[in-house]
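The values are calculated or read from the model by the stated rules, or taken from the named source; none is laboratory data. All values reported here derive from a predicted model rather than from experimental measurement. Glycine also receives a Cβ, built like all others from the backbone with ideal geometry; neighbour counts cover every protein chain displayed. Surface accessibility is based on the protein's heavy atoms, side chains included, excluding ligands, DNA and RNA. Shrake-Rupley method; radii C 1.70, N 1.55, O 1.52, S 1.80 Å.
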Amino acid sequence: MRNFTGFIVSRLITGVLVVAPIYLAVLLLLKATKSLLSIVQPVAALLPDWVPAAQILSLLMILFFCFFIGLGMKTPKGRTIWEQMENSLFQRLPGYALFRSLTQQLSGKTEDKTWKPALAEIEDALVPAFIIEELENGSFTVFVPSIPTPLAGAVYILTSDRVHPLDVPFTQAIKTISRWGSGSKDLLAAMKKKGI
């Protein structure tokens, strides 16, 4: 009964972690669109009644705003401002660092050492894992995901001789996990290439 309850709870948490950011983004977009309706109403009145002009103009304003923010982020000053905001505000939000790291890994836009694919020795077996951090004594904190849900699992602190970093993309490791281990031979081959 405990295993069944754990199964239900872990799947529920995984679903919430996937759905919540999407829901919040859509909710924020709708709220921002609604708040701009009064501003665009005079221009929308010039268009035919059958066109939802106010909503379209509000959405376009938000998209232009997002575009210019993105443009500013590509400048050195914009990046500096963003880093200050991120360190002082966003890093304090629960789960922000995790989602940021995961999205950067999925998009391939990070040199970060976190979420580095690895094979970890647990008991007498090798299991797919992700290196979360390297400790001062040379040990590793690793996350071992449950199959087939990569966002649920267990955290272990293992000595370096029990953790084998892999030279494979993050997305390949996630794919192997979500496919019930199909493709593990490629992970094992990546480990053997390192002469382990």
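Measuring from label point to label point, each 7 Å out along Cα→Cβ, what is the Leu126 to Trp50 span in nm?
6.5
Give me the accessible area per residue for the stretch 127-172, probe 1.4 Å, as a whole number in Å².
48
With a point put 7 Å past each Cα toward its Cβ, work out how far Glu136 is from Leu28 in nm, to one decimal.
According to this spin-label approximation, the distance is 3.6 nm.
Quote to one decimal, in nm, the extra length available between Leu188 and Met61 on full extension: 0.36 nm per residue of separation minus the C-alpha distance between them. If you can, show how the numbers build up before the last one.
Working: separation 127, 0.36 × 127 = 45.72 nm, distance 5.00 nm.
Gain on extension, Leu188 to Met61, equals 40.7 nm.
FRET efficiency for Ile39 and Leu71, Cβ-Cβ distance as r, R0 = 22 Å, nearest 0.05?
About 0.50, to the nearest 0.05.
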